[in-house]
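For reference, the structure discussed in these notes is given below.
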Amino acid sequence: MKIISDKNKLIKIVQNETNIGFVPTMGAIHNGHISLIKRCMKECKKIVVSIYINKPQFNNKGDYKKYPKNLKNDISKLKKLKVDILYLPLTRQIYPDGPDKKIKINSFEKKLCGRNRPGHFKAVVDIINRFIKIINPRRIYLGKKDMQQLILVKDFVKKKYPKIKIVSCKTIREKNGIALSSRNFLLSLNEKKIASKIYNI
């Protein structure tokens, strides 16, 4: 597995590849991410996984600071899976002029959880757009767990990059029904028990 941080180096490596599958993550790799990667491996020749905690999509500074991080463990898991390339972007290269606040996405961004997270989905679409320009994937793999995000990314990519397919993959759950998520590492056993009631109801 090649671990690459330099954007230009990655562009050079992938420029002649015609069947790249891309799995964007924010790290704290769990079985949900692994299911995306395994699906990607079945369908694509070259697999790129990114780990990048994208600060502009966080509305809450505290949430950003306490977001789970375990890069050593993540690298170990990805090596075992035999991922081709792990991309660990440098912020100065990803955002040389800061986030694109003028990026246009579907008005659905203002509904559901978007009502309480202004700018969140625009920032998600912005980073995906930046990754596409660097990696030029044929397919991008996203989980159905983040349903609103999935719909908005799909809509944006379909309009701007019609040759790229967004592959939506099933939600992987814990035994108690909670959808696997990196943020679950922040929950106590009792909080997990409470959260499982939502799924059961």
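The values are calculated or read from the model by the stated rules, or taken from the named source; none is laboratory data. Everything numeric in this text was worked out from a predicted model, so none of it was measured. Note that we place each Cβ from the backbone using ideal geometry, even for glycine, and neighbour counts take in every protein chain shown. For the accessible areas, the whole protein counts, side chains as well, though only heavy atoms, and no ligand, DNA or RNA atoms are used. Shrake-Rupley method; radii C 1.70, N 1.55, O 1.52, S 1.80 Å.
Numbers at a glance
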{"read-out": "Among residues of segment 2-17, those that are of a type in the set (S, T, N, Q), in a loop (DSSP other than H, G, I, E, B) and either over 24 Å from K65 (Cα atoms) or in contact with a helix residue (DSSP H, G or I) (Cβ under 7 Å, 6 or more places away or on another chain) (or both), counted", "value": "2"}
{"read-out": "Check on S168, closer than 23 Å to G27 by Cβ, open to solvent by 20 Å² or more (accessible area, probe 1.4 Å), touching a helix residue (DSSP H, G or I) at 6+ places or on another chain (Cβ under 8 Å) and not in a loop (DSSP other than H, G, I, E, B)", "value": "yes"}
{"read-out": "Conditions (1) in a loop (DSSP other than H, G, I, E, B); (2) open to solvent by less than 20 Å² (accessible area, probe 1.4 Å); (3) modelled with pLDDT of 95 or more; number of the one not met by I103", "value": "(3)"}
{"read-out": "Leading residue by the ranking (most open to solvent (accessible area, probe 1.4 Å)) among those in segment 133-152 that are in a helix (DSSP H, G or I) and touching a residue at least 40 places away in the same chain (Cβ under 8 Å)", "value": "I151"}
{"read-out": "Leading residue by the ranking (nearest to S35 (Cα to Cα)) among those in segment 178-190 that are without any contact (Cβ under 8 Å) to a residue 24 or more places away in the chain and touching a helix residue (DSSP H, G or I) at 6+ places or on another chain (Cβ under 9 Å)", "value": "I178"}
{"read-out": "Output for segment 74-100, where each listed residue is open to solvent by 20 Å² or more (accessible area, probe 1.4 Å) and either within 24 Å of R39 (Cα to Cα) or touching a residue at least 60 places away in the same chain (Cβ under 8 Å) (or both)", "value": "I75, S76, K77, K79, K80, L81, K82, D84, L88, L90, Q93"}
{"read-out": "Residues located in segment 18-73, provided they are among the polar types (S, T, N, Q), without any contact (Cβ under 8 Å) to a residue 60 or more places away in the chain, open to solvent by less than 80 Å² (accessible area, probe 1.4 Å) and assigned to a loop (DSSP other than H, G, I, E, B)", "value": "N70"}
{"read-out": "Residue identified as out of contact with any Asp or Glu (no Cβ under 9 Å at 6 or more places or on another chain), without any contact (Cβ under 8 Å) to a residue 60 or more places away in the chain and surrounded by 12 or more Cβ atoms within 10 Å (Cβ to Cβ) among K197, K158, K175", "value": "K158"}
{"read-out": "Failed criterion for K159 (all others in (1) assigned to a helix (DSSP H, G or I); (2) under 19 Å from the mean Cα position of the chain (by Cα) hold)", "value": "(2)"}
